[in-house]
Structure formats: C-alpha cells, structure tokens
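Before any comments, here is the structure.
Readers should treat all values here as calculations from the given coordinates under stated rules, not as data from a laboratory. All values derive from a computational prediction rather than experimental measurement. We place every Cβ from the backbone using ideal geometry, glycine too, and count neighbours over all the protein chains shown.
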Amino acid sequence: MFSLFVGIIIIDKRIFANNNTMTEENINSAWERATKVDNFDSNQFRKDACGAWIIRSHYGQRDSVYGWEVDHVYPQSMGGGDDMENLRAMQWENNMSKGDDYPDYKAVVQSEGNKNVRKEGQFTVNAPLQATLKKLYDIK
C-alpha cells in the first residue's frame, strides 16, 4: 500500500505541483491571462477559459473546487511547449478533463453565480489563439 503526495514544493523559483514543473513566471503569466470579473478582486479571483472560478492562492490545490493548474493549450504530447502563448490558468478538474485534446475539449466544472458547480460543456480554443499556436508550433 502506498500514499500519493499531492502538494507544492518550491525549489530555485520552480514550482512542482502534481508532477508538473512551472516557473513562477509561467504561473504568473497564466494567471494574468485568466478572465477578470467585474466587482471581484482580480488579484485573488478570476475565471478560466471554461468559466470556472479559480483563486490565485489555490494554485496546485486539487483538494479545492477553486484550485487551478497551468494548462498547455496545445498539449505537450503534440509538441506544445512552455511558451507564454501556450499557457493558461485552468481549474484543475477542467485541466484533467481536457487532457491532450486540442482544439476541442470537454470541461466538467463551470460557475453558477459566485460558486463552481459540476457541469459538463464542450469548448473550442478560440480562433486567434489557434492561429498563434499554429505559427508557433507549425501545426498542420
């Protein structure tokens, strides 16, 4: 029997969360690209591309409904890298659901009012971002 440690370790400005290595710069950049919501403190609260709430201090916290991770829009398995244009903040369950799907993917958490709820939805990476990633990664 074994246990799985899920948490955050900081070493030399690199952050290891759930077997993902991201620099503080990448994490901050992804957060800055998340959607700001009127009448909410954008330093603490934002929404991901699927409309789910995320809380800045909950980065890497898979035990929080507001936890989030850095998503590679164009998956690493397909040749995507850690370029800022390819990174975005995504509620952790939505990131897990998206997996290696591109440009269409499924999300499992969205917001209703000021809370997150389990609600499946189909999403597509927006056309301008697809065009940027096509040039960046020579996507056919």
Helix-only CD estimate at 222 nm, as mean residue ellipticity for the chain, using -39500 (n - 2.57) per DSSP H run (n ≥ 4):
-5500 deg cm²/dmol
Give me the orientation-averaged projected area of the Cα convex hull of the chain, in nm², one decimal.
9.5 nm²
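Quick one: which of Lys98/Lys134; Lys36/Lys140; Lys36/Lys106; Lys47/Lys119 span more than 25 angstrom between C-alpha atoms?
Result: Lys36/Lys140 exceed 25 Å.
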Peptides 89-95, 54-60, 130-136: what's the order by average Cβ count within 10 Å, highest mean first?
89-95, 54-60, 130-136
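Under the 0.36 nm per residue contour assumption, what length would be gained going from the current alpha-carbon distance of Asp83 and Gln130 to full extension?
Values: separation 47, 0.36 × 47 = 16.92 nm, distance 1.39 nm.
Fully extending the segment from Asp83 to Gln130 adds 15.5 nm.
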